[in-house]
Structures are given as structure tokens and as C-alpha cells.
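Colleague: The structure is given below, and queries will be raised subsequently.
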Amino acid sequence: MKQRDAVYSAITGVFSDAGVHFEDGMNAESMLTKEYRASVHAIVTEGFTSGTIVFEQTPANKEKLANPAKLSAYVSGLISNWIRKDKRLNGNTAYAAKNPGSRTGSSDEQLKTLRALKKQFAGTDKESLIEGQISKRIAELRAAKVKTVSVSEEQLAVLPADFVSALNA
């Protein structure tokens, strides 16, 4: 079973057992008490340990399965994630990141170093110099990420000829 479906199934099962009326598209978070969430957590955790929920066998995931505290933290985040993102559980709303782009450059060593320097020089006259370099590096990373799209002659052939000629003018 996929993780998304496992969380959905666990939540709807807990609600059903408790006699709570729930239909797809309702907001599960507002109805999920501490006790219900603990039950969902236990069900999902059991699914991972029994192998009924898909869990890619990477070294990090194997470590999570071997360490109950790490698995518990993972399951807690997983439940929160799908309550936010699954339309069946979040009031039928499209998910939107709260801080889009906030992870930009999180794996870039140059940007990590610049951010550490910013903390080191916080409140000094060098802070603005470092902020400028951070902005410049983020712009470079975003520019490198932009994909170029090309449209072939065969693809253009399906469009009206007058529109294609206007594009080429």
C-alpha cells in the first residue's frame, strides 16, 4: 500500500471505529483529536513494521525501521504531510507551500557557507555585503534551473497556419 493511501485508510478507519461521520473532502485535521491521531500513528507504524506499507529500502529508511524513535518521528511527519496535501483529508483544497522557494540552495555548499557567514557577522557592517552575495548566488541557482523548451516543426504543424506565421514574423 502507498503511504498516502495508508494514512487515508488509517484516518478513515479510526473515524469509522469511533463513530465519527467523515466523508472524502472534509477537513480531517479539525476532527483529529490527540487520541485519534495516536491511533492513526499506531496503525501506520504497524504498517511499516509489518511491511504492508511501501517503504523504499534505502540505508536511511532501514535505520528508521530499526530505530523506533526515528520511525515515530517519520510517521508523525508523514501523517501531517498527507493531512495537508491529500484533498480527501484537507477539505478538498489544493496544497500550496507556505514558503515557496525557501529550500533554494539547501544543497549548495557556497550558499551554505554564505548563510553561516551571515550568522557569524550578524549586526555588523559586513552583513549587508554577505546578504548581497547570497541574493546573487540564489539568482544564479535559479537561472541554472530554468529549462529551455523547444517546439518541433511537427508540433507546430497542428496549430493554425496564420498563428504560426504570426509567431515567425
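The values are calculated or read from the model by the stated rules, or taken from the named source; none is laboratory data. Bear in mind that the values here come from a model prediction, so they are computed numbers and not experimental data. Ideal geometry is used to build each Cβ from the backbone, glycine not excepted, and the neighbour counts take in all protein chains shown.
Colleague: Take the conditions farther than 23 Å from Leu71 by Cβ, loosely packed, with under 13 Cβ neighbours inside 10 Å, in the same structural domain as Ile79 (by TED's automatic domain parsing) and among the hydroxyl-bearing types (Ser, Thr, Tyr) and apply them to Ser50. Does it pass? Give the derivation first.
Modeller: Working: farther than 23 Å from Leu71 by Cβ: no; loosely packed, with under 13 Cβ neighbours inside 10 Å: yes; in the same structural domain as Ile79 (by TED's automatic domain parsing): yes; among the hydroxyl-bearing types (Ser, Thr, Tyr): yes.
It is false that Ser50 is farther than 23 Å from Leu71 by Cβ, loosely packed, with under 13 Cβ neighbours inside 10 Å, in the same structural domain as Ile79 (by TED's automatic domain parsing) and among the hydroxyl-bearing types (Ser, Thr, Tyr).
Colleague: Still on this structure, I have one more. I'd like to know if segment 86-101 contains one or more residues that are in contact with a strand residue (DSSP E or B) (Cβ under 9 Å, 6 or more places away or on another chain), closer than 21 Å to Met1 by Cβ and part of a loop (DSSP other than H, G, I, E, B).
Modeller: So far as segment 86-101 goes, yes, one or more of its residues are in contact with a strand residue (DSSP E or B) (Cβ under 9 Å, 6 or more places away or on another chain), closer than 21 Å to Met1 by Cβ and part of a loop (DSSP other than H, G, I, E, B).
Colleague: With the structure loaded, tell me whether Asn92 is surrounded by 11 or more Cβ atoms within 10 Å (Cβ to Cβ) and more than 30 Å from Thr49 (Cα to Cα) or whether it fails that test.
Modeller: yes
Colleague: Another one. Any idea which of Ala139, Ala161, Ala157 is under 30 Å from Leu114 (Cα atoms) and either small (Gly, Ala, Ser) or touching a strand residue (DSSP E or B) at 6+ places or on another chain (Cβ under 6 Å) (or both)?
Modeller: Just one listed residue meets the conditions, Ala139.
Colleague: I would also like to ask the following. Take the residues of segment 50-85 that are among the β-branched types (Val, Ile, Thr) and out of contact with any helix residue (DSSP H, G or I) (no Cβ under 7 Å at 6 or more places or on another chain): which is nearest to Val7 (Cα to Cα)?
Modeller: Only one residue fits best here, namely Thr52.
Colleague: In addition: Considering Leu167, Leu159, Leu111, which residue is part of a helix (DSSP H, G or I), touching a helix residue (DSSP H, G or I) at 6+ places or on another chain (Cβ under 9 Å) and free of Cβ contacts under 8 Å to residues at least 24 places away in the same chain?
Modeller: Working: Leu159 fails: part of a helix (DSSP H, G or I); Leu111 fails: free of Cβ contacts under 8 Å to residues at least 24 places away in the same chain.
So the residue among Leu167, Leu159, Leu111 that is part of a helix (DSSP H, G or I), touching a helix residue (DSSP H, G or I) at 6+ places or on another chain (Cβ under 9 Å) and free of Cβ contacts under 8 Å to residues at least 24 places away in the same chain is Leu167.
Colleague: Sticking with this one: Looking only at residues that are exposed (fewer than 10 other Cβ atoms within 10 Å of the Cβ) and not hydroxyl-bearing (Ser, Thr, Tyr) in segment 126-150, which one is nearest to the chain's Cα centre (by Cα)?
Modeller: Filtering first and then ranking leaves Lys145.
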